[in-house]
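Each reported figure results from applying straightforward, stated rules to the coordinates on display, with no laboratory input. Everything quoted here is computed from the prediction, not taken from an experiment. Methodologically, a virtual Cβ is constructed for each residue, glycine included, from the backbone with ideal geometry; neighbour enumeration extends over all protein chains shown.
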Amino acid sequence: MKFRNPPVNSLSLELLTELVISLEKLENDKTFRGVILTSDCPRVFSAGLDLTEMCGRNPAHYAEYWKAMQELWLRTYLSSLVLVAAINGACPAGGCVIALACDYRVLADNPKYRIGLNETLLGIIAPFWVKDAYVNTIGHRAAEQALQLGLLFPPAEALQVGLVDQVAPEDQVLSTALSEMARWLAIPDHARQLTKNMMRKATADRLLRQRDADIQNFVSFICRDSIQKSLQVYLEKLRQRKG
Amino acid sequence: MKFRNPPVNSLSLELLTELVISLEKLENDKTFRGVILTSDCPRVFSAGLDLTEMCGRNPAHYAEYWKAMQELWLRTYLSSLVLVAAINGACPAGGCVIALACDYRVLADNPKYRIGLNETLLGIIAPFWVKDAYVNTIGHRAAEQALQLGLLFPPAEALQVGLVDQVAPEDQVLSTALSEMARWLAIPDHARQLTKNMMRKATADRLLRQRDADIQNFVSFICRDSIQKSLQVYLEKLRQRKG
Amino acid sequence: MKFRNPPVNSLSLELLTELVISLEKLENDKTFRGVILTSDCPRVFSAGLDLTEMCGRNPAHYAEYWKAMQELWLRTYLSSLVLVAAINGACPAGGCVIALACDYRVLADNPKYRIGLNETLLGIIAPFWVKDAYVNTIGHRAAEQALQLGLLFPPAEALQVGLVDQVAPEDQVLSTALSEMARWLAIPDHARQLTKNMMRKATADRLLRQRDADIQNFVSFICRDSIQKSLQVYLEKLRQRKG
């Protein structure tokens, strides 16, 4: 079981790297068969990508950052462990990407905790592999609409569209995730792992085949003046709100 | 916003060409960001392909006709504009193909206004790219059944299977489409267009890769004696009904 | 219309071969346009693969057995006949594979008659082509979860997830299947067959392209000591239960 830290769990390069290393350790430690992903920040599962990593830095930094994001997704999506997301707070963008990579998603029943890929609202777009995972989870039509409109689903709607598997009262998210974990651990590991890999390999391979191109694509997009400007405006707003 | 004409809006070669040109103009005119497609023929959104274009003509004509149909679909399916279908009448076959290419579908709540791909009922089959769009919209299993049985869905069923996104009282179809358009136009164009393209490119590319073969396939199918005969019988019936 | 025999309709090599030959005959006899598949064993549609064919034999036998299973699936999945499954009993594993290959599934409304691909519970995994058919029928996410957990769905859940198309009282399964057959036979055969092929060809082709590799994969998996041991333990239990 794991918890994560910063103010709103934004996915800094450091946090991404830390998560990858932790997952790797748990996978290699045969005493662990499953992990519950949850947040120790009140009201936020993860706010997603860390905009300060994407703003006012050099291309090499953007490339390193994006590679770390790909790495985390590949690790979680193909993990041999059972991963259950206990989503105890808002779960937009990168937070949703991590949740989508788990085997099962439990969302706290609080209408303020919305989940979804809202990239278009910020003028940016989700990468194709996140789109693929979205389509796999909620189907092509729902993904097409949700991605274009940048929809964030409140719990009841998230459940209906299939973006989460269960909604639980806020104080029972973790216990619900634990009961669910027990169901998954009742299955022989080897057969479950091979089956998971069979289901997910084609989607992961699409990214693996064009990983560098995807990094280049991200870097050149992020380096555009218009994108840098709109990210700066957005960051400024966030800072003022805090201040 | 646009309306179309003939008796039942059957997709004549002339109408197809006109629609493609109009769409092209609107795409190039930067003052337009979205288009609502609707019908000014009472009780019919579009009756679909114009059988008189498919009957008693020469192969070159059939080829030109099918190419125009492909072109309209490619233009609408990949349009950079937001396309909302305000379906204010029956919407079988080719009418449904156009609706499927839009971003959002509102259907008038009248049980006589059914929507679907009913090609098999006439002894013909939908092309593979229409099948692909159908699968993308309602899923593989529902498409498999609906296509084989030539199902035409009344409003409530069309909504349930996901073939339309909303059902509205007949006199509110247009206003509903307009409100929906406002939601789509609230999204930054550039991010929305890139996202739409990411969702639809693979499906459109499948047609682009085998466009000529698809035309040849249509022409040789249509030229068969048995098909020509059954279309003539069907046309004769339609003429008698009018007379 | 057909019925099948053994104690629990387990798919012995003999039964598989017999089914393939029967289907072939019916396809070639132009007086038959549709077939209803049902069981004459009380309470079991089919218990699935015959474990005695997979245990304590030589690799050549396993290869022959698996080839016969592939053959039955290809025959049924691509059959030009309308196939309706009248599922009048439990329908796990291989039984479910056959049902998935039909055009329509009616399940008897008895909570003991569960249907699904429960391979992981036995420590084995479903082949990729069965996974593909599962995804086509219930969608990627539902298939991912059901396959990993080896879920067996009772009638109401099977209907909800889309694994069966209708649930009928136990004594009306056959009559329901017959009414449904009438709907399918109302469609011109040629157009329906071409449409069915268009929907299913890509999935069947994936198996055809790697048929030998799939056999090799099955044989080497089954020959493992650990798998042989667990199958023997399981068979022993079944024998004691009977004894």
Report summary line: The set of residues whose placed amide H lies less than 5 Å from the amide H of B:Val44, leaving out same-chain residues fewer than 5 positions away, is B:Ala90
Report task. Quick one: which residues, 5+ away or cross-chain, put their amide H under 5 Å from the amide H of B:Gln166? H built at 1.01 Å from N. Result -> B:Arg105, B:Leu107
Query - Normalised alpha carbon radius of gyration of segment A:48-103 [divisor 2.2 N^0.38 Å] - result: 1.27
**Report entry** Cα-based reach from B:Lys67 at 24 Å (exclusive), listing lysines while leaving out same-chain residues under 8 positions away
**Finding:** B:Lys2, B:Lys25, B:Lys131, B:Lys196, B:Lys201, B:Lys229
**Report entry** Cα extents of chain B along the three principal axes, largest first (Å)
**Finding:** 52, 39, 35
Query raised in the report: Nm distances between the label at A:Ala213 and the same-position labels in the remaining copies, 7 Å along Cα→Cβ, shortest first?
Result: 2.1, 2.1
Report task. Rounded to the nearest Å, what's the spacing between the alpha carbon centres of segment C:94-159 and segment B:47-90? Just the number, please. Result -> 39
Query raised in the report: Binned at 10 Å from 0, what are the whole-percent values of the Cα-Cα distance distribution for segment C:126-243, short to long?
Result: 10, 23, 33, 25, 8, 0
Query raised in the report: So for the pair C:Glu236, C:Glu170, with labels modelled 7 Å out along Cα→Cβ, what separation do we get in nm?
Result: 3.4
Query - Beta bridge orientation in the protein assembly as shown: antiparallel %, DSSP, nearest 5 - result: 5
Report task. Divide by every residue of chain C the summed helix terms, -39500 (n - 2.57) for each DSSP H run of at least 4, and state the resulting mean residue ellipticity at 222 nm, rounded to the nearest 500 deg cm²/dmol. Result -> -18000 deg cm²/dmol
Query raised in the report: When the gyration tensor of segment B:85-193 is built from Cα positions, what are the square roots of 5 times its three eigenvalues, in whole Å, from largest to smallest?
Result: 24, 17, 11
Query raised in the report: Going by how many other Cβ atoms sit within 10 Å of their own, how do C:Lys196, B:Lys67, B:Lys237 line up, fewest first?
Result: B:Lys237, B:Lys67, C:Lys196
Report task. Using only the alpha carbons, work out the radius of gyration and Dmax of the protein assembly as shown in angstrom. Result -> 27.2, 82
Query raised in the report: Counting only Cβ atoms, what residue of chain B lies nearest to the axis that sends chain B onto chain A, and how many whole Å off?
Result: B:Gly139, 4
**Report entry** Coordinate range along principal axes, alpha carbons of segment A:104-155, Å, largest first
**Finding:** 29, 24, 16
